[in-house]
Every structure is written in structure tokens, then in C-alpha cells.
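What follows is a short report on a single structure.
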Ligand code: HEC
């Protein structure tokens, strides 16, 4: 209702094209069309492209200036870490979807020992092992490498299978910009599955159990032991 003359007031919207809307008022039998500059599709596109171009130039200037600190000691923002984690999990999940998991019989001691000896020779520098102190290498990693024997065991069989697929894929292909190497370039699938089987049963493993499986004879495994690379 109009405050001055009491006429019926109604607000309408007219769709001009898919990108512009014109609001207008009906005042009794008088139509009031406000003087609004209507943005046309062409103008919109020009604006979007110039904004995009300005953002690209700005990004190039920022990257080229070197203000971004690439040091491993300079942590990402928590939100960036969450984004990267989301990307890693989604990427691995998408790539392992239809992967067949061979029967990894946990009583097959030959396979477990194969996995354990390979793990002992190649992985402990970053992922550590029961009874082992953090190494100079593991301390400096960003992101940090997970310590498998300290992880909680995955009880749910479906989740355990998912985890094995993910482990296999990561060991075979590595992870970009993280120091996790692709071992599939130098090892066959059977050896990688053996490592998966071993890592999957590492949760809560004691130093003695680890030594027995890896046939490591040292009193304590240290960060400076000389890895025997004659395993292949
Ligand atoms: C030079 C250091 C380094 C070595 C050596 C290394 N890794 Fe890693 N690994 C990493 C890092 C760092 C990550 C974490 C990457 C991330 O968080 O995105 C990782 C991640 C993983 C993951 C994924 C863990 C998860 O949470 O899903 C698996 C599995 C793995 N490594 C297995 C191995 C195995 C098996 C070996 C030995 C054959 C090995 N790694 C050797 C650094 C290393």
C-alpha cells in the first residue's frame, strides 16, 4: 500500500535474459520501472575475463617475487593442510576403486618376512620401526611420514581392505611433493603386497617381534645403521 495515496503496491520481476532481471513496481494501474543499468551478457563476459586476467597477472607477480616461503620448516595453514589431505585421500580412493587385493594370508610367514625385510631395508629411515628413535631424516620431513607401528589396528574388514588397497597404491606410485618415493619402479607387485601385509600387522608390534621378523640382529635399530641394499 502506497503511504502517500493508498494505492495498491506490488513488486514484480521481469526476466530479460538468463543473466539479467528487471525489478519494477505496480502502483495502482501505474507501472514504475526503476532506472537500473541492465548488465548484458557481453558486458558480463568482458568483466569476468578482465578479472580473470588481472588475477592471473597478480598470481604470476606474487609467485615470481618469491614472497612465498617454500621451506619445509614453514608449515601450511591448517586449512591448506586439510585441503591437501582431502586431495590425497580422494585421489588415492579414486585410483584404487577397482583394484583386486590378492589373498594376503596373515599366516603366510614367508610373505610377512619378505615384507618385513624389505621394510627394514628401505622404509625405516622415514617411517621408523618398533624400538627405533626418530632419525635425522624422519625429523626433517614435511609432511611427516606416518609411524605404522604406532597406528591403531583397523578392525573392520571392509576398512582394512580399503586401507590395504591405499597402502599398495601409495607404495607403488609414491606421493608428489612429500618425499614418499614410488617403489613400483624398482619392485614387482608381489613384493609390494608383501610390504602391505607386513605394514598392516605392524600396529602395536614390539621391538622383539620386529627383530624376529626382520632377522635384524642389532641390539637396537638406530637411524645410522647401514641398510643392506642387496635385497633385490
Ligand atoms: C624419504 C622418506 C620416505 C621413505 C624412505 C619411505 N616413505 Fe612412505 N611416506 C613418506 C612420507 C613423507 C609419507 C606421507 C605423505 C603424506 O602425508 O602425504 C609417506 C606415506 C606412506 C604411506 C601412506 C600412508 C597412509 O597414511 O596412507 C605408505 C603406505 C608408505 N609411505 C609406505 C612406505 C614404504 C612401504 C616404504 C619403504 C618401501 C616407504 N614408505 C618409504 C616418506 C617416506
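Of everything in segment 171-191, what is under 17 Å from residue 124 (Cβ atoms) and in a helix (DSSP H, G or I)? Give them in sequence order.
Those that are under 17 Å from residue 124 (Cβ atoms) and in a helix (DSSP H, G or I): 171, 183, 191.
Looking only at residues that are under 22 Å from the mean Cα position of the chain (by Cα) and under 21 Å from residue 147 (Cβ atoms) in segment 183-203, which one is surrounded by the fewest Cβ atoms within 10 Å (Cβ to Cβ)?
This residue is 183.
Looking only at segment 175-200, which residues are within 28 Å of residue 75 (Cα to Cα) and more than 8 Å from the ligand (Cβ to nearest atom)?
Result: 176, 177, 182.
Restricting the search to segment 174-202, which residues are over 20 Å from residue 108 (Cβ atoms) and without any contact (Cβ under 8 Å) to a residue 12 or more places away in the chain?
174, 176, 177, 181, 182, 185
When residue 216 is evaluated against the numbered criteria (1) modelled with pLDDT of 90 or more; (2) surrounded by 15 or more Cβ atoms within 10 Å (Cβ to Cβ); (3) more than 14 Å from the ligand (Cβ to nearest atom); (4) assigned to a loop (DSSP other than H, G, I, E, B), which criterion, by number, is the only one it fails?
So the condition that residue 216 fails would be (1).
For residue 55, are the conditions met, namely being over 30 Å from residue 201 (Cα atoms), at pLDDT 85 or above and not in a loop (DSSP other than H, G, I, E, B)?
So residue 55 passes the test.
Could you tell me how many of the residues in segment 143-158 are more than 8 Å from the ligand (Cβ to nearest atom) and within 18 Å of the chain's Cα centre (by Cα)?
Going through segment 143-158 one residue at a time, the tally reaches 1.
Kindly indicate whether any position in segment 97-120 is surrounded by 19 or more Cβ atoms within 10 Å (Cβ to Cβ), touching a residue at least 24 places away in the same chain (Cβ under 8 Å) and either within 8 Å of the ligand (Cβ to nearest atom) or on the phi > 0 side of the Ramachandran plot (or both).
Within segment 97-120 (the criterion being surrounded by 19 or more Cβ atoms within 10 Å (Cβ to Cβ), touching a residue at least 24 places away in the same chain (Cβ under 8 Å) and either within 8 Å of the ligand (Cβ to nearest atom) or on the phi > 0 side of the Ramachandran plot (or both)), the answer is yes, since at least one residue qualifies.
Residues to consider are 87, 132; find the one that is within 14 Å of the ligand (Cβ to nearest atom) and in a loop (DSSP other than H, G, I, E, B).
132
The values are calculated or read from the model by the stated rules, or taken from the named source; none is laboratory data. What you see is a predicted model; the values in this text were computed from it and never measured. As a convention, Cβ positions derive from the backbone with ideal geometry for all residues, glycine included, and neighbour counts pool all protein chains shown.
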